[in-house]
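Student: Below is one structure. I have some questions about it.
The values are calculated or read from the model by the stated rules, or taken from the named source; none is laboratory data. This is a predicted model, so every value here is computed, not measured. We place every Cβ from the backbone using ideal geometry, glycine too, and count neighbours over all the protein chains shown.
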Amino acid sequence: MTIKAKILCLMPLVPLLALSACERDTAGLELSPTNSDPVVFTNGLAGGVEPQSFLGSKLDAFQIDNEDGFPTAPSAKITVPSSTNPNGTFAGGAAVAPIVRDLSRYNALSYYAKSTVDASLNSAGFGNDNTGNSRYTVEVVNTPLTQDVWTRHIIPIPNPDRLTLERGLFWYAEGFEDPSGAGYTLWFDEMLYTTVAVTDPRPTMTTPSMPIGTFVGAKVSVPGTQTTFTVEAADFASQDVTVIHDANYFDFVSSDPSVLSITDAGISVVGAGETTLTATLRGVEVVGSVAIKATEPPPMAAPAPTFPAADVLALYSRHYNSRGIANFAEFPSGPTVTDLVIDGDEVKAYTDFDFVGLQFNPVGMGPDPTPQVDASSFPFFHMQVWVPNAAIFKVKLVDFGEDGRFPPTSEGELQFNLATEPSLVSGEWVTLDLPLADFNLNSTRYLAQLILSIVGFEKTAFVDNILFHK
């Protein structure tokens, strides 16, 4: 079972401290020493490290095993649930440090693992601090696990200089392996950052077949960044290890700095035009490049809907009391979504996307999921979209049924282009006011997703005023 985990932060809230009215003389005080502790788990979780679960996972999958370990107990025991487990169908989470650590003096994360069956660990890595704002995530996929045999695994750090303020020390995600859906158990131990022989870096990034469309004021996400290293260490035969990682490990250069600004905070679009991104990793040229085409955003806000408030069930609109949308980019491989304000009106801007899921409620994430949208009293679906240049724009509504769980009970999709009514006109706000009957759904009482997709050379869209009405 392939797992792509969504994040649920289980960290406790930290109260704000009141500021004192008097000033304090800090002259002569020394800075606090940097925490460079390499240990994640040896004789238990080290230095206050907290295990946190991912959304939708089996929340009690992580346990301390005081009977088994490498070289001795305790170890971290992970129970991978079966496909029918009501409390989650995969195990996944992050080991998060209470304060940041400076890991720049190390070049790899090392750990030992075993399992009750020969298995392939879907994902393991570091740099995920379980906040949703991680900038230096690293992932190794399909790590082999051996039945009843402790085996060493090493994950190289693409650029250690980046990890000076890191709390995400380890993360994993794993689903059932057996075709029958049966679960199994795996263990981790002797997990720490170290320095080993990591050589021959071969960094790459995906070169899209066409320029990535974006807009002035947006951030640019670079797709498909990864690096293969040759790694050799004790208990670890020389082998190539490929890590999939955030683009922030690379150093980028824009062929036209008037279009893109590159800083420690990321890649920002500062002007309209076309440019090409290239990169290096610690002086090694990255194979691949990314062409960028930036346009100006809509010059004005979308026209305000005029429906009476009593006749509207709004999901996203400043003109009504909106119910809200749980997630504006549900799928893991989805586009970049940006909050943009135009003439005082908030809009959602999507760039570099083929399709995106807007989740009305967290589907299938527990015995009592948030209620879906009941649009049975509202016969029309309404939204507004602005595209700079698109051939086809598609709108799909998904009904997940009364229990709100996957798979969907029914779904229906409509598509629009220059020849349809309404017509998809580039460079202006287009109002889609659509009879729900046209979607041919089994029911409109349990709507849980809106899926938008686009076909065209510039995969950019701005959306606003998503609602149902009478």
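Student: How many of the residues in region 435-470 are at negative phi and crowded, with 18+ Cβ neighbours inside 10 Å?
Tutor: Qualifying residue count for the region: 24.
Student: I've got another one for you. Can you tell me which residues in region 315-337 are polar (S, T, N, Q), farther than 16 Å from residue 450 by Cα and at pLDDT 85 or above?
Tutor: Listed by number, the list holds a single entry, 321.
Student: With 463, 395 as the choices, which residue is of a type in the set (A, V, I, L, M, F, W, C), closer than 19 Å to residue 322 by Cβ, touching a residue at least 24 places away in the same chain (Cβ under 8 Å) and in contact with a Lys or Arg (Cβ under 7 Å, 6 or more places away or on another chain)?
Tutor: On the way: 395 fails: in contact with a Lys or Arg (Cβ under 7 Å, 6 or more places away or on another chain).
Result: 463 is the single residue among 463, 395 that is of a type in the set (A, V, I, L, M, F, W, C), closer than 19 Å to residue 322 by Cβ, touching a residue at least 24 places away in the same chain (Cβ under 8 Å) and in contact with a Lys or Arg (Cβ under 7 Å, 6 or more places away or on another chain).
Student: Next question, about the same structure. Which residue out of 277, 313 is in the same structural domain as residue 344 (by TED's automatic domain parsing) and over 20 Å from residue 139 (Cβ atoms)?
Tutor: It is 313.
Student: I'd like to check something: does region 248-266 contain any residue that is out of contact with any strand residue (DSSP E or B) (no Cβ under 6 Å at 6 or more places or on another chain), within 30 Å of residue 425 (Cβ to Cβ) and at pLDDT 95 or above?
Tutor: The answer is yes, given that some residue of region 248-266 is out of contact with any strand residue (DSSP E or B) (no Cβ under 6 Å at 6 or more places or on another chain), within 30 Å of residue 425 (Cβ to Cβ) and at pLDDT 95 or above.
Student: Failed condition for residue 238, given (1) part of a strand (DSSP E or B); (2) buried (at least 16 other Cβ atoms within 10 Å of the Cβ), with all others met?
Tutor: The one condition residue 238 does not meet is (2).
Student: Every residue in region 303-332 that is over 28 Å from residue 55 (Cα atoms), charged (D, E, K, R) and in contact (Cβ under 8 Å) with a residue 60 or more places away in the chain, please.
Tutor: 311
Student: Got a sec? Which of 101, 105 is of a type in the set (Lys, Arg) and closer than 21 Å to residue 282 by Cα?
Tutor: Of 101, 105, the one residue that is of a type in the set (Lys, Arg) and closer than 21 Å to residue 282 by Cα is 105.
Student: Going by the conditions given, is residue 240 modelled with pLDDT of 95 or more, farther than 18 Å from residue 285 by Cβ, touching a Gly at 6+ places or on another chain (Cβ under 6 Å) and among the acidic types (Asp, Glu)?
Tutor: Values: modelled with pLDDT of 95 or more: yes; farther than 18 Å from residue 285 by Cβ: yes; touching a Gly at 6+ places or on another chain (Cβ under 6 Å): no; among the acidic types (Asp, Glu): yes.
Considered against the rule, which asks whether it is modelled with pLDDT of 95 or more, farther than 18 Å from residue 285 by Cβ, touching a Gly at 6+ places or on another chain (Cβ under 6 Å) and among the acidic types (Asp, Glu), residue 240 comes out as no.
Student: Provide a single number: the residues in region 52-73 that are over 23 Å from residue 132 (Cβ atoms), without any contact (Cβ under 8 Å) to a residue 40 or more places away in the chain, assigned to a loop (DSSP other than H, G, I, E, B) and not charged (D, E, K, R).
Tutor: 3
Student: Does region 339-355 hold any residues that are outside any loop (DSSP other than H, G, I, E, B) and either under 21 Å from residue 326 (Cβ atoms) or modelled with pLDDT under 90 (or both), and which are they?
Tutor: Listed by number, the residues that qualify are 339, 340, 346, 347, 348, 349, 350, 351, 355.
Student: Could you figure out which of (1) more than 30 Å from residue 213 (Cα to Cα); (2) crowded, with 20+ Cβ neighbours inside 10 Å; (3) not basic (Lys, Arg) isn't true of residue 384?
Tutor: (1) is the only condition that residue 384 fails.
Student: Of the conditions (1) outside the structural domain of residue 286 (by TED's automatic domain parsing); (2) without any contact (Cβ under 8 Å) to a residue 24 or more places away in the chain, residue 132 fails just one. Which one is it?
Tutor: Residue 132 satisfies every listed condition except (2).
Student: Please give the strands (runs of 3 or more DSSP E) falling wholly within region 85-132 in which 1 or more residues are more than 17 Å from residue 157 (Cβ to Cβ) and among the aromatic types (Phe, Trp, Tyr).
Tutor: Filter on region 85-132 gives 90-101, 108-115.
Per-residue answers, yes or no, for (1) among the hydroxyl-bearing types (Ser, Thr, Tyr); (2) surrounded by fewer than 22 Cβ atoms within 10 Å (Cβ to Cβ); (3) at pLDDT 95 or above; (4) in contact with an Asp or Glu (Cβ under 9 Å, 6 or more places away or on another chain):
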site	(1), (2), (3), (4)
157	no, no, yes, no
160	no, yes, yes, no
170	no, no, yes, no
179	no, yes, no, no
200	no, yes, yes, yes
203	no, no, yes, yes
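Student: Let me ask something else. State all residues of region 396-407 that are surrounded by fewer than 20 Cβ atoms within 10 Å (Cβ to Cβ) and either under 18 Å from residue 438 (Cα atoms) or not assigned by TED's automatic domain parsing to the domain that holds residue 353 (or both); if no residue qualifies, say none. Write out each step before concluding.
Tutor: To start, the set of residues in region 396-407 that are surrounded by fewer than 20 Cβ atoms within 10 Å (Cβ to Cβ) comprises 396, 401-403, 405-407.
Hit for region 396-407 is 396, nothing else.
Student: Which condition does residue 391 not pass, out of (1) at pLDDT 90 or above; (2) closer than 15 Å to residue 456 by Cβ, if it passes all the others?
Tutor: (1)
Student: Take the residues of region 409-428 that are of a type in the set (D, E, K, R) and part of a loop (DSSP other than H, G, I, E, B): which is surrounded by the fewest Cβ atoms within 10 Å (Cβ to Cβ)?
Tutor: To start, the set of residues in region 409-428 that are of a type in the set (D, E, K, R) comprises 411, 413, 421, 428.
So of that shortlist, the ones also part of a loop (DSSP other than H, G, I, E, B) come out as 421, 428.
Working: 421: 5, 428: 10.
Selected residue: 421.
Student: Residue 164 - would you say it is assigned to a loop (DSSP other than H, G, I, E, B) and in contact (Cβ under 8 Å) with a residue 24 or more places away in the chain?
Tutor: Answer is yes for this residue.
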